[in-house]
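Taking it in order: structure first as structure tokens, then the write-up.
The values are calculated or read from the model by the stated rules, or taken from the named source; none is laboratory data. Everything numeric here is computed off the predicted structure, so don't read it as measured data. Methodologically, a virtual Cβ is constructed for each residue, glycine included, from the backbone with ideal geometry; neighbour enumeration extends over all protein chains shown.
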Amino acid sequence: MEFKKRTLILTVIFLAPLLAGLIYLLTTYKHIDAQVKTISLSVNGLSTEYTTTAQTVGEFIAPLYPDRDKIVSVFPSESQPLTSGDIIFLQLKPTAVNRAVASNLKTAIEKSSEPEPKSPVYQGTATWYAFGEGMNAASTQFPKGTRLRVMAVNSNKIVDVVINDYGPEKWTGVALDLNKPAFMKLAPLGAGKIKIKYFII
């Protein structure tokens, strides 16, 4: 009987520190578990910093992107534990853009890439002639090789041409002779003569 008591006492003495250590570890783990982390999230190449108490990648992105169908890939894997300073790379499916928005965006991009005028804006008339397949024009005002942007006054349609010929004669009152393909960008050939604005680009 005495032996059993001693064994029980020794067991309690031995197990008590272990039990206390286990309780301490669990408490510490819960404290660590709730720590705020700073995470960098890169979505389709655009990075943003977040603070979170999430423990895994999956737990972090779930409330941000509840629609799983939009997610193409996640790196590191969603089961990966999070630590402060981690970078998560998320690839999402492209979002369909409203047609009007897409059209406005295209126009804005085109305008932003338009060349600046390198001369005053001139006004006059243009005719056409059958010469060459490129976007070319004849001029007495500019030397060969000059690049012009020509706009039809009535329609605001534009065409960029390169001067590669001399003409028309000044007495005709015509500023530029556009070759057939260039004229057709501005008006039907049947128009014959159109009012234009033009400048060097």
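Looking only at the stretch 166-181, decide whether some residue is under 30 Å from Val74 (Cα atoms), at pLDDT below 95 and not assigned by TED's automatic domain parsing to the domain that holds Ser77.
So far as the stretch 166-181 goes, no, none of its residues is under 30 Å from Val74 (Cα atoms), at pLDDT below 95 and not assigned by TED's automatic domain parsing to the domain that holds Ser77.
Scan the stretch 187-198 and tell me whether some residue there is in a strand (DSSP E or B), in contact (Cβ under 8 Å) with a residue 24 or more places away in the chain and surrounded by fewer than 18 Cβ atoms within 10 Å (Cβ to Cβ).
Scanning the stretch 187-198, I find at least one residue that is in a strand (DSSP E or B), in contact (Cβ under 8 Å) with a residue 24 or more places away in the chain and surrounded by fewer than 18 Cβ atoms within 10 Å (Cβ to Cβ), so the answer is yes.
Per-residue answers, yes or no, for (1) in a loop (DSSP other than H, G, I, E, B); (2) of a type outside the set (D, E, K, R); (3) buried (at least 17 other Cβ atoms within 10 Å of the Cβ); (4) over 34 Å from the mean Cα position of the chain (by Cα):
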{"residue": "Asn154", "(1), (2), (3), (4)": "yes, yes, no, yes"}
{"residue": "Val159", "(1), (2), (3), (4)": "no, yes, yes, no"}
{"residue": "Gly167", "(1), (2), (3), (4)": "yes, yes, no, yes"}
{"residue": "Leu178", "(1), (2), (3), (4)": "no, yes, yes, yes"}
{"residue": "Ala182", "(1), (2), (3), (4)": "no, yes, yes, no"}
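Kindly establish whether Ser139 is under 33 Å from the mean Cα position of the chain (by Cα), in the same structural domain as Lys193 (by TED's automatic domain parsing) and small (Gly, Ala, Ser).
No, not satisfied.
What number of residues in the stretch 32-64 are of a type outside the set (A, V, I, L, M, F, W, C), assigned to a strand (DSSP E or B) and loosely packed, with under 15 Cβ neighbours inside 10 Å?
Taking the stretch 32-64 and keeping what is of a type outside the set (A, V, I, L, M, F, W, C), we get 33, 35, 37-38, 40, 42, 44-45, 47-53, 55-56, 58-59, 63.
Next cut, assigned to a strand (DSSP E or B) only: 37-38, 40, 42, 47-52, 56.
Now narrow it down to the ones that are loosely packed, with under 15 Cβ neighbours inside 10 Å: 38, 40, 42, 47-51.
So the answer is 8.
Does at least one position in the stretch 35-54 carry a residue that is more than 31 Å from the chain's Cα centre (by Cα) and at pLDDT below 85?
yes
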